[in-house]
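First the structure, in the form of structure tokens, and then the observations on it.
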Amino acid sequence: MNKRICVYCASSEKVPAKYFEDTKKIAEGLVAGDHHVVYGGGAVGLMGTLADTVIDRKGKITGIMPSFMKDVEWNHPKVTDMVYTDTMSHRKELLLEGADVALSLPGGCGTYEEFMEAITLKRLGQIGTDIVFYNQDGFYDPIKQLFAQAVKENFMTEEHMNGIQFFDTVETLIHYINHDSQTITNDIHEAVVR
Ligand code: AMP
């Protein structure tokens, strides 16, 4: 087993086919690298494609889901290693626990909430998790721009953006995860811009 990769991605079933295609390629790349995929446990949207592909390729996958989602059968029936939590907050905590990498694929507000929490915890020195985005066709350019603006106007510092990276292709993303990714814990004293 190589790295533990927490993947955040969309639950929507209706996004363009290209997002499903690249999610499949990324899942294949993660299994080929012998990584352990940890995700939200869903059976739908990009989450479903991620899990289907990892299972199909005999990779290792863990789902972490609040019990109320199981009650409405949103859990992936083929993910055998499923952890159920009482709350969304605990789910997010467990998703990140021990994660070497937090990888965001394109998604909606649920995905944004998850990666924003990871970025904030990293800034505060609470996690060392490497934070990476798959910026398919510039999907995450607005987020990149927002952070650049925040740094430019001193809401954040360049250091807060250390260890947060965007990749435009599946190949560069997987190569980075396999060979260059590392966990770095920021100094809590540098969290505030003074
Ligand atoms: P979004 O990017 O808005 O689609 O949100 C993805 C996140 O939404 C997941 O990680 C879950 O927190 C939650 N979510 C929404 N729908 C589902 C579902 N059917 N199954 C599992 N998780 C879901």
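The values are calculated or read from the model by the stated rules, or taken from the named source; none is laboratory data. Given the structure is predicted, the values throughout are model-derived calculations rather than measurements. Cβ coordinates were reconstructed from backbone atoms using ideal geometry, including for glycine residues, and neighbour counts include every protein chain displayed. What goes into the accessible areas is simple: the full protein's heavy atoms, side chains included, and nothing from ligands, DNA or RNA. Shrake-Rupley method; radii C 1.70, N 1.55, O 1.52, S 1.80 Å.
Structure data summary
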{"item": "Sole residue being under 21 Å from Ala27 (Cα atoms), buried (at least 18 other Cβ atoms within 10 Å of the Cβ), among the β-branched types (Val, Ile, Thr) and more than 16 Å from the ligand (Cβ to nearest atom), chosen from Ile64, Ile174", "result": "Ile174"}
{"item": "Residue pairs meeting the criteria (Cβ under 9 Å; at least 6 apart or on separate chains; first free of Cβ contacts under 8 Å to residues at least 12 places away in the same chain, in region 72-99; second more than 13 Å from the ligand (Cβ to nearest atom) and assigned to a loop (DSSP other than H, G, I, E, B))", "result": "Glu97/Ile127"}
{"item": "Residue under evaluation Asn162, criteria (1) touching a residue at least 60 places away in the same chain (Cβ under 8 Å); (2) more than 21 Å from Ala32 (Cβ to Cβ), criterion not met", "result": "(1)"}
{"item": "Top-ranked residue of region 13-42 - restricted to ones that are free of Cβ contacts under 8 Å to residues at least 60 places away in the same chain, acidic (Asp, Glu) and in a helix (DSSP H, G or I), ranked as farthest from the ligand (Cβ to nearest atom)", "result": "Glu28"}
{"item": "Checking Met47 against (1) open to solvent by 50 Å² or more (accessible area, probe 1.4 Å); (2) under 23 Å from Gly138 (Cβ atoms), the condition it does not meet", "result": "(1)"}
{"item": "Conditions (1) near the ligand (Cβ under 10 Å from one of its atoms); (2) among the basic types (Lys, Arg); (3) open to solvent by less than 70 Å² (accessible area, probe 1.4 Å); number of the one not met by Lys70", "result": "(3)"}
